[in-house]
1. Within segment 355-395, how many residues turn out to be touching a His at 6+ places or on another chain (Cβ under 8 Å) and on the phi > 0 side of the Ramachandran plot?
2. If Asn291 meets every condition in (1) within 11 Å of Gly174 (Cα to Cα); (2) in contact with a helix residue (DSSP H, G or I) (Cβ under 6 Å, 6 or more places away or on another chain); (3) not in a loop (DSSP other than H, G, I, E, B) apart from one, which number is that one?
3. State all residues of segment 644-675 that are in contact (Cβ under 8 Å) with a residue 40 or more places away in the chain and either assigned to a strand (DSSP E or B) or among the hydroxyl-bearing types (Ser, Thr, Tyr) (or both); if no residue qualifies, say none.
4. For residues that are in a helix (DSSP H, G or I) and either touching a residue at least 60 places away in the same chain (Cβ under 8 Å) or closer than 30 Å to Leu456 by Cβ (or both), tally how many sit in segment 64-92.
5. Considering segment 117-136 alone, what residues qualify as being of a type in the set (Gly, Ala, Ser) and either surrounded by 15 or more Cβ atoms within 10 Å (Cβ to Cβ) or in contact with an Asp or Glu (Cβ under 8 Å, 6 or more places away or on another chain) (or both)?
6. If you go through segment 678-696, how many residues are over 17 Å from Arg639 (Cβ atoms) and part of a strand (DSSP E or B)?
7. Here's a check for you: in segment 372-387, which residue that is touching a residue at least 12 places away in the same chain (Cβ under 8 Å) and either surrounded by fewer than 18 Cβ atoms within 10 Å (Cβ to Cβ) or over 26 Å from Ala356 (Cα atoms) (or both) is farthest from the chain's Cα centre (by Cα)?
8. Checking Met654 against (1) surrounded by fewer than 17 Cβ atoms within 10 Å (Cβ to Cβ); (2) closer than 21 Å to His580 by Cα, which test does it fail?
Amino acid sequence: MNIKKSILLRARIAFLAVMIFAAAVLYRIVNIQMVEGKKWRSMAEKQVYRYLDVPAIRGNIYAADGSLLSTSLPFYQVLIDPTVANDELFKSEVDSLSWHLARFFGERSANEYERKITDARLSGKKYLRLSNRSITYQEKKKLSTWPLFRAGKTKGGVIFDRIDKRFRPFNELGLRTVGFVNELKQGVGLEYSFNKELSGQQGRALFQRMSGSTWKPILDGTEVKAEEGYDVVTTLDINLQDVAQAALKKHLMEHEADFGAVVLMEVKTGHIKAMANLGKNQEGAYIEKYNYAVGHQGVTEPGSTFKLASLMALLEEKHVKLSDSIETGKGTYLFYDRKMTDAKEEGYGKITVKEAFSKSSNIGISKLVHDCFHERPERYLKYLEQFHLTQPIPFQMAADIRPYIKRPSDKSWSGITLPWMSIGYEVQLSPLQMLTFYNAIANEGKMITPIIVKELRQADQVVKSFEAQVIDRKICSDRTLQEVRKALLAVVENGTARNVKNKAYLIAGKTGTAQKVKNRRYTKSYYTSFIGYFPADAPKYSCVVIIDSPKGFRQYATDVAAPVFKEIADKIYAVDLKLHQPMVFERKPADGTFPVVRAGYYEDLNKLCHELGVSNHLKKDADWVAARPVSRAIQWSVRDAPEGLMPDVTGMNMKDALFLLENRGLIVQTQGRGRVETQSIRPGVRISSGSRVYLSFNSI
């Protein structure tokens, strides 16, 4: 009996447990549907619908003359909503469309495309990607004529989803300067530095999640339209950029150097006209992979180009004159326990201060600085501050680069610090900062910030303009300025850079060859540089050239960096007629006795003179001549030039000048009308077919 009651009790307990569990489940269902339903429905909708950012069309980057450096080109992803077309249109054209898709993309057969599109239609799929490949705008126009696609989006279901991709028309030219921005918003160059301005204002719109990770825009009227980014107009000259990059690459290859950089700047405006950076990749080719002009890797000991600051400090202190003498000895000198050496093994002996600078005597400059400042090194550093070498120079491209200048309070300061600092060691500066310093000397002592962007534009409207900031209206006295300009000119006239001297125009500058440090020891590997300006008597351009670790027996700046400067300067001088000194002509005929005759083809001029009754004489046979009035007659001088050499065409009319030069294979560009007043290639210079010559004409 007790057993029977026990079994009955257990059954009742089990039934009760089942009822309680059922009630709990029922409660949970009711609670989810009635109480939490709104919450879960909202979460489900968020998985299907979402507001997403719509990127704006990115602005363009232009060179100073309007040449396009970087732009966004439209590409398209091809998709289809296979449920849009009616049955008759779909059935009649899906097979033809599939044939076109197979032939164009080549990713599937025509049957596979037809089956894929048909299956998507049957399953109600509204957003089918037909290829992972993006197409161009011209290809989009072609695809728009295909079966089903030609019915458009609303009747045929075709969807061309636009994707903007960055394109650089000049490819590698100025690649690192133009720069990039990646998906993580990281980057370099102008693209990164002006990313906010270029990006514009992104929009926002409702998107519906389709298959996979595809999102389809839902234009329900709530969308916010994106605003296009501003265009960035730079100061760069694409032709000068090409000249600088080609010259740099040529000499990097010749000396098998590790890397190099060139920055070319207008003296008065601070406009950077070219910024080239080339480094060797793993295959040994030179590419734009880093901006050494402003980046951390380019901040290094400048070597002898820093001697300009030391000379200026000595002149400002009125400790020396250029004509003073200094004993440099036989090539070595001891500062405490450390030996200072000169490049000339036997030494320079007793030389003037000007010669110590132009010949780049380490001993001469360091002895002068040590004698003047060793008891008060803070005084020397005060001059470096006055020359703005101790603080970063503001620049429009993102680069937090600070110069490194030792202080007497530093633990590493010692008795040899000042002598070595005076010749460009134990200090570190970027090439751009050194160029800014030298540019101030060319600019009558006025230091300005370099700029590389001059305008922000929205279509044709200027939104914002930029000009160089004045850092200091006068970094030194007029006396010091006058003396250092003489010293910089002497470097080229009879110093370490006399190999870049030429007769057409003057160059002023300074070479620098610094030994590189490895494992805290100076090696036989060098960092070479040349910084200067031209024409020296009326400076228009300043330029810095650096070449790191040249190989071979020529490793000094004289043979490595200075020739790059000259090659760039020569090409600029050849095309910029404003830099030329006009040749002086006697514009009036003597005493009015005969008409003005200048130069040209002898037979034509001789015939003209006979018809006018003007006596004329030619001492030897020649085709091309120039007139020289002698009393009441003309004495012809020969203008013929041997093949391969540039003839003198000044004074000739356009017809004769073009005939003579083009028959020698030259490409002639002209400015003005009348007779030739100036020519960009000097008479007697060797020429080759295809060379370009610029002629300036003047009506006389």
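The values are calculated or read from the model by the stated rules, or taken from the named source; none is laboratory data. No experiment lies behind these values; they were computed from the predicted model shown. As a convention, Cβ positions derive from the backbone with ideal geometry for all residues, glycine included, and neighbour counts pool all protein chains shown.
1. Residues meeting the conditions: 0.
2. Asn291 satisfies all of (1) within 11 Å of Gly174 (Cα to Cα); (2) in contact with a helix residue (DSSP H, G or I) (Cβ under 6 Å, 6 or more places away or on another chain); (3) not in a loop (DSSP other than H, G, I, E, B) except (3).
3. Leu645, Thr650, Asn653, Gln671, Arg675
4. 1
5. Hits for segment 117-136 are Ala120, Ser131, Ser134.
6. Result for segment 678-696: 4.
7. His374
8. Evaluating Met654 over (1) surrounded by fewer than 17 Cβ atoms within 10 Å (Cβ to Cβ); (2) closer than 21 Å to His580 by Cα leaves (1) as the failure.
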